[in-house]
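These notes are about the structure you will find just below.
Please treat every number below as a calculation from the coordinates, not as lab data. Model, not experiment: these values are computed from the prediction. Cβ placement follows ideal geometry from the backbone for every residue including glycine, while neighbour counts extend to all protein chains displayed.
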């Protein structure tokens, strides 16, 4: 029973939501089957406890249907009906939380049933609720389009041609919704392509960017923020666009819901991280301050959970700035917010990173040996760190063995994007050349340094340059 969809969904509700659902079930308007109420009350008593404590379904049957032989098919039907009612409740709860959605539904009913006596007050309320809505993302403009479309129907311009229609308002809301959502899709597709081997074809990217450049959308954050985000992918060398975007997001972050803000901030962070990884350290301090800003506002929390990717990235940025005390506190403070399935590995890996920057190399090796990796990014970063550790400790045999096995790992793993593979292949190549250099061979050293400086896609480029300078 504990594995049923019904129980799993109920476990995700908090106490207040469960109480509201119970009231929903008791209402004869929504449910007339008292058996469903009894089943829910039985389950409700166990929900706050451990999932393992849930009794077998035969116990539920004996308690609620005394004297009747156990009927698994009938009980499954009860569970199915209860799950459908739970879905209706969640939909209704969401509907009731947004006055604009309610207004639009009423306007549609008014239009369909020609209830013109309700039209004026309903339109007034809809405009008031939409005008006071704090969010100004694509969905808000979709609601604006729906409102204006209903208003057009109510105006009945075809029969009363003296009235000026609101077609321009309909069109503007539709344009902003379409452009905002289309730009967001472009960004999402390109962001996914940077972390996976999949490609996505979403047409009209160039045409839409051309429209935005020609039309007046400068004061529409839902369009301009995503347009600047897209330019991070299409024109990554435009650093002014990055800092302009950072300012736009800081000024308009309250206009976007948290899920969109998380997407936006993740793309900004990823761009800055790529710039840093390719040796552009002017982004380092900015990214650290940006991370502190978003972490303090809990923007990156999703369902009270902190992304292991952001956790690791923040640690790396802070360590490069030698903010050891700050980062050590962050590692331990935010570890409980990591997904349970990844918590231990993420904690130990990031502690290993801290030890590496503190030059506690024996602890680095000891800590990494206790980590098991499911995600290829952990494998990449772990091998990268171990290679640097072996070089720093002068363990030449272990170093060259790991360099060769790392290259083989990259070649046989088809889930790693090719651009990411090339980043680490270049790192392997330059590390081998570095390890073979002799301190007195100044000519070879200068040649390798020039080659490294001219190569943009190299993992741990700053570390390689640092080691070359030390020879």
From the Cα centre of region 227-272 to that of region 43-101, the distance in Å is 43 Å
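Over all directions, average the projected area of the Cα convex hull of region 5-96 and note it in nm². Each step should come with its number before you reach the end.
On the way: hull surface 23.8 nm².
Across all orientations, region 5-96 yields a mean hull projection of 6.0 nm².
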Contact order relative to length for the chain, counting C-alpha pairs under 8 Å separated by 6 or more residues, stands in percent at 9 percent
Ratio for region 373-471, C-alpha Rg to 2.2 N^0.38 Å, reads 1.07
dims of region 99-176, Cα set, principal axes, largest to smallest, nearest Å -> 35, 23, 17
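Give the Kirkwood hydrodynamic radius (Å, one decimal) of region 145-270, defined as one over the mean of 1/r across all pairs of different Cα atoms. Mind showing how you got there, number by number?
On the way: mean 1/r = 0.0613 Å⁻¹.
So the Kirkwood estimate lands at 16.3 Å.
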Across all Cα atoms of the chain, Rg and the largest Cα-Cα distance (Dmax), in Å, are 29.1, 94
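Below 8 Å between Cα atoms, with a sequence gap of 6+, how large is the relative contact order for region 317-458 in percent?
Details: 88 pairs, mean separation 20.9, N = 142.
Relative CO of region 317-458 lands at 15 percent.
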Between residue 164 and residue 116, Cβ-based FRET efficiency (R0 25 Å, step 0.05) works out to 0.80
Taking Cα pairs closer than 8 Å and at least 6 residues apart, the relative contact order of region 5-96 in percent is 37 percent
Between the alpha carbon centres of region 396-471 and region 283-336 the gap in Å comes to 28 Å
Under the helix-only model (-39500 (n - 2.57) for each DSSP H run of 4 or more, divided by the residues of the chain), the mean residue ellipticity at 222 nm, to 500 deg cm²/dmol, is -23000 deg cm²/dmol
